[in-house]
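For reference, the structure discussed in these notes is given below.
FYI, it's all coordinate maths here, none of it is from the lab. Given the structure is predicted, the values throughout are model-derived calculations rather than measurements. Virtual Cβ from ideal backbone geometry, glycine too; neighbours counted across all protein chains shown.
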There are 2 protein chains.
Amino acid sequence: MDKVRMGFVGLGGRGRGNMNLVLTMPDVEVTAVCDLYEDRVERAAKDCQQKKGNDPYRTTDYKELIKRDDVDAVIVTSAWESHIPIAIAAMKAGKAVAMEVGGAYSLNDCFDLVRTQEQTGAPFYFLENCCFDEIELIVTAMVRKGLFGDVVHCSGSYAHDLREEVTRGEENRHYRLRNYLNRNCENYPTHELGPIAKLLGINRGNRMVSLVSVASKSAGMQAYVKKHSDNINPHLIGKDFMQGDVVNTLITCAHGETIHLMLDTSLPRGYDRQFTVHGTSAYSRCSAIHIDGESHEVYHNLYDYKHLLPSCWTDMTDEGRALGHGGIDGIEFRVFVDCLKEGKPMPIEVYDAAAWMCISCLSETSIAQGGKPQEIPDFTHGQWMIRPLEDVVEFPDVEI
Amino acid sequence: MDKVRMGFVGLGGRGRGNMNLVLTMPDVEVTAVCDLYEDRVERAAKDCQQKKGNDPYRTTDYKELIKRDDVDAVIVTSAWESHIPIAIAAMKAGKAVAMEVGGAYSLNDCFDLVRTQEQTGAPFYFLENCCFDEIELIVTAMVRKGLFGDVVHCSGSYAHDLREEVTRGEENRHYRLRNYLNRNCENYPTHELGPIAKLLGINRGNRMVSLVSVASKSAGMQAYVKKHSDNINPHLIGKDFMQGDVVNTLITCAHGETIHLMLDTSLPRGYDRQFTVHGTSAYSRCSAIHIDGESHEVYHNLYDYKHLLPSCWTDMTDEGRALGHGGIDGIEFRVFVDCLKEGKPMPIEVYDAAAWMCISCLSETSIAQGGKPQEIPDFTHGQWMIRPLEDVVEFPDVEI
């Protein structure tokens, strides 16, 4: 395979962004575009014409797109609710799949996703771009080199003020609004959990065994609607949002490590993933690291350890950084295309997707049951005990 | 009452420190000193002689101390396990009590403490110095003025590398060692929970209803013992410590607010209480505050709002700062002595002590039950719904 021919399903903000990213890649062609809304389809087709000069197949029905012979890989960038059904249908149609992140709505969906991939053997890739971010990779490299000793606890958050995006959901035809109106859960766990799960070897020597989840009251969206009532969709005035403002989830792993996730998306604050790793020999939080034996006040800047980064970062160009989220989106799609072309296994695979996404529906149940612990299933049939540890990138063989 | 005559029970590091602090107060006399160990009693008596010129009564039996007519107030600064029994005995003997912080070992102990105070009417004060710290007070003042809107979530930690202190427990006759060897719980919740509970009006319009608690594996102490095996108490080599390194606790309050506590005391890191408040109009973390409506990147320094602090801070002298923990210990004892002399109610009272301390034994059960939610009792007989909100200090009437 010299060129990967992609079909995009879901062309809202994120889908169109990803499509425009892959249009910059010489070994990618976008041969088909699909969305429920025709205007989005037309706009995306125009992007392809302008950037690559080709006229992609257009449809509002993904079932038509996945049947086509000129599509090698289906990129699922639709609403959260349709990620798994579309990915399953595409794999059954013999396509490779790259699926955007989000949470799952039921454990059955997660199992179906895994079993379909196992049965079809279709290449499956989960588009968790934060697994490729600099701090996450530098810390993971340090952990692999033993600097942290035994890692016992990790935490992270999706702290992102989405009040404006949520309230504009109807105008923007965006899935978040209906989720915030109807559900109460850790609805977006993978940005923080993905890098932590990779670091802890989840599905590769380790697994997540159980969780508890607790939600605060929901006050942020209503306060926002009230404050901006002059300039807001009138349907939202006085509406109850079921989504708690802050959802905390505590996960226990097979080897006794714990993970703390916080969702914080409907209150004012700056963006923060708060990637934090507690080991017996070091502690890192965001871009700072404390190393055992040094004075307690001493924290080093993790950006001073960029030599630990893999080539995708050390070779990063300004153009690469501009492709999306500071460079991680470009890395993410480069990895996907290279693995497809070379027939290599995907570094973020279906077991990862299922394990990370199921946190959403399990947290929903735990919250509804007053914080009662929920079993996190093993999607690997026990193979997690045998599967070797592998990172999403290859780290250079250098000294810390 | 012109002068408060104090008897100290428990003269280890903290007890002696507190005693030396009150020896600087002109309206305090230390008339009796007690510890299980005679050398500590002698050393404390010498402190009194040197600093105040009086010779206090000395005993190794607190039951003797609490009987004495020359003692108005018993200061309980003994090991965690004996705080409640000694406080109860002292109240029954007609003494005022100031009790150092720590966690409870059973719910019954907490109920006994409360009922004894109610029956005896003895003044009872809980020595949670962090309730008086600058950032906690500045943020509380801001919350009272409405800057945060509706507060929906708070978090804090006791993050303090105590590995050296724990391993020297036998030599130092310190209670932490036996607790870390035998228990697994949020063993020291009050430094972070106290200010949060005051802010949320716990026992005064609000209450904590339930909690879940999850502990990581215990690896930090063993790794530390192994690394320092040349220079460590040989009894500890190869010993299992039951205390998990990182304990996360999620508390739900009656009005839907949630509280996240983290205990992190047996791994390398800097000291941090991470006092964090999430409101519908502002967010603060440690010394930074973001205010709704400003650009997401903008955080202000909370130390720029010192004009919101009460007079105990605005009048703080260098001598006051030097008394202990940057000034908060001096404030804490000044408040106690003033309330006693003026017959005023204590701002941190028995209901606070019981509600905060019970987190320890409830977290112990929750952890042992795999994170199962535990009911947090109401110690006030439902009076929390009627009791008016009151802060530990009086804030000045100034603009933010």
Nearest-first distances (nm) between copies at B:Asp69, label 7 Å from Cα via Cβ: 11.0
Dipole magnitude (debye, nearest 20) for the range B:4-128, charges at Cβ of Lys, Arg, Asp, Glu: 160
For every helix of n ≥ 4 consecutive DSSP H residues, a contribution of -39,500 (n - 2.57) applies; sum these over chain A, divide by its total residues, and give [θ] at 222 nm rounded to the nearest 500 deg cm²/dmol. -10000 deg cm²/dmol
Which chain B residue sits with its beta carbon nearest the axis carrying B onto A, and how many Å away is it, rounded to a whole number? B:Val212, 2
Pairwise FRET efficiency - B:Thr365 versus A:Glu118, Cβ, R0 = 45 Å, nearest 0.05: 0.65
For the range A:287-372, fraction of C-alpha pairs farther apart than 14 Å, in %: 78
Which value, in debye to the nearest 20, gives the size of the charge dipole of the protein assembly as shown about its Cα centre, when Lys and Arg are +1 and Asp and Glu are -1 at the Cβ? 1160
Ignore the peptide's own chain and count Cβ atoms of other chains within 10 Å of each Cβ in B:279-286; give me the average, rounded. 5
At A:Gly343, label 7 Å along Cα→Cβ: distances to the other copies, nm, ascending? 9.3
Distance between Cα centroids, the range B:246-280 to the range A:266-330: provide it in whole Å. 23
Compute the relative contact order of chain A as a whole-number percentage, counting only Cα pairs closer than 8 Å that sit 6 or more residues apart in sequence. 21
Gained length - A:Asp39 relative to A:Ile400, 0.36 nm times residue gap less alpha-carbon distance: 124.8 nm
Just the projected area, averaged over all directions, of the convex hull on the alpha carbon atoms of the range B:92-164: how many nm²? 8.1
Straight-line reach from A:Lys239: which lysines have Cα under 17 Å away, leaving out those fewer than 8 places along the same chain? A:Lys217, A:Lys226, A:Lys227
Among the DSSP beta bridges whose two residues both lie in the protein assembly as shown, what percent are antiparallel, rounded to the nearest 5? 50
Where the convex hull is taken over the Cα atoms of the range A:240-355, what is its projected area averaged over directions, in nm²? 11.7
Would you kindly work out, in nm and rounded to one decimal, the distances from the label point of A:Asn172 to those of the same position in each other copy, ordered shortest first, with label points 7 Å along Cα-to-Cβ? 5.2
So, how do all the Cα-to-Cα distances of the range A:86-228 break down into 10 Å bins, in percent, from 0 on up? 9, 30, 33, 23, 6, 0
Percent antiparallel among DSSP beta bridges confined to the range B:4-128, nearest 5, equals 0
Once the convex hull of the alpha carbons of the range A:183-317 is built, what does its volume come to per residue, in cubic angstrom? 186
Taking only Cα atoms of the range B:329-369, what ratio of Rg to Rh do you get with Rh as the Kirkwood inverse-distance radius? 1.24
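Once you keep just the Cα pairs under 8 angstrom separated by 6 or more residues, what percentage relative contact order results for the range B:4-128?
The normalised contact order for the range B:4-128 reaches 23 percent.
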Top of A:Ile237, A:Ile328, A:Ile367 by mean-square fluctuation, Gaussian network on chain A, Cα under 10 Å: A:Ile237
Which lysines have a Cα less than 25 Å from the Cα of B:Lys306, not counting those fewer than 8 places away in the same chain? B:Lys145, B:Lys198
Note: the range B:60-110 at 10 °C, 1.306 mPa s; Kirkwood Rh on alpha carbon pairs; Stokes-Einstein D in µm²/s works out to 142
Reachable lysines, given that their alpha-carbon falls under 24 Å from the alpha-carbon of A:Lys3 and they are not under 8 places away in the same chain: A:Lys46, A:Lys51, A:Lys52, A:Lys63, A:Lys67, A:Lys92, A:Lys95, A:Lys341, A:Lys344
For A:Arg183, what is the net charge nearby, where nearby means another residue's Cβ is under 12 Å from its Cβ and Lys, Arg count +1, Asp, Glu -1? -1
Restricting to chain A, what percent of DSSP beta bridges are antiparallel, rounded to 5? 50
With the alpha-carbon atoms as the only input, what is the per residue convex hull volume for the protein assembly as shown in Å³? 163
For the range A:4-128, just the Cα atoms, rotate onto the principal axes and tell me the three extents in Å, largest first. 41, 25, 24
Full-stretch length increase - A:Ser229, A:Asn172 - with 0.36 nm per residue and alpha-carbon distance subtracted: 18.7 nm
Of all the C-alpha pairs in chain A, what % are more than 32 Å from each other? 35
